[in-house]
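Below: one structure, written as structure tokens.
The values are calculated or read from the model by the stated rules, or taken from the named source; none is laboratory data. Just so it is clear, the structure is predicted and the values come from calculations on it, not from any experiment. Every residue, glycine among them, receives a Cβ derived from its backbone with ideal geometry; neighbour counts consider all protein chains shown.
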């Protein structure tokens, strides 16, 4: 049996922006949390969907054909292959559910890109 985790408390304790941390795993997916503010980068995940769930604050996800705004308690799945750019005007806490093969910023490599090893570090 896995340990009980509090995604919102773990996300709130993070000191780096846009640096997801794995808090649980189920089947072929990781549950991750992050503290975000500002803009990450336009990117896509060619073979994986990505679920965003807002724990606290508000997150905007730009896509080429539309933009969605997520508020606390809202969830949205970015379908595989869809270019997207997450933006948080103010500090925001998010939870992500992604397949274990999902690379942080897809094929884009930027200063904020985190390897899976970095995301698996203890919190």
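Figures for the structure shown
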{"item": "Selected residue (only one of 110, 87 is in a loop (DSSP other than H, G, I, E, B) and in contact with a strand residue (DSSP E or B) (Cβ under 9 Å, 6 or more places away or on another chain))", "result": "110"}
{"item": "Which numbered condition residue 4 fails, given (1) assigned to a loop (DSSP other than H, G, I, E, B); (2) farther than 15 Å from residue 104 by Cβ; (3) in contact (Cβ under 8 Å) with a residue 12 or more places away in the chain", "result": "(3)"}
{"item": "Any hit, the stretch 42-58, residues being touching a helix residue (DSSP H, G or I) at 6+ places or on another chain (Cβ under 8 Å) and modelled with pLDDT under 95", "result": "no"}
{"item": "Members of the stretch 15-55 that are buried (at least 17 other Cβ atoms within 10 Å of the Cβ) and in a loop (DSSP other than H, G, I, E, B)", "result": "18, 19, 20, 40, 41, 44, 45, 48"}
{"item": "Per-region count, the stretch 70-83, residues within 25 Å of residue 12 (Cβ to Cβ) and either more than 15 Å from the chain's Cα centre (by Cα) or surrounded by 13 or more Cβ atoms within 10 Å (Cβ to Cβ) (or both)", "result": "5"}
{"item": "Every pair of residues 6+ apart whose Cβ atoms lie under 6 Å, when the first sits in the stretch 75-88 and is in contact (Cβ under 8 Å) with a residue 40 or more places away in the chain while the second is assigned to a loop (DSSP other than H, G, I, E, B)", "result": "83/42; 83/44; 83/64; 85/42; 86/40"}
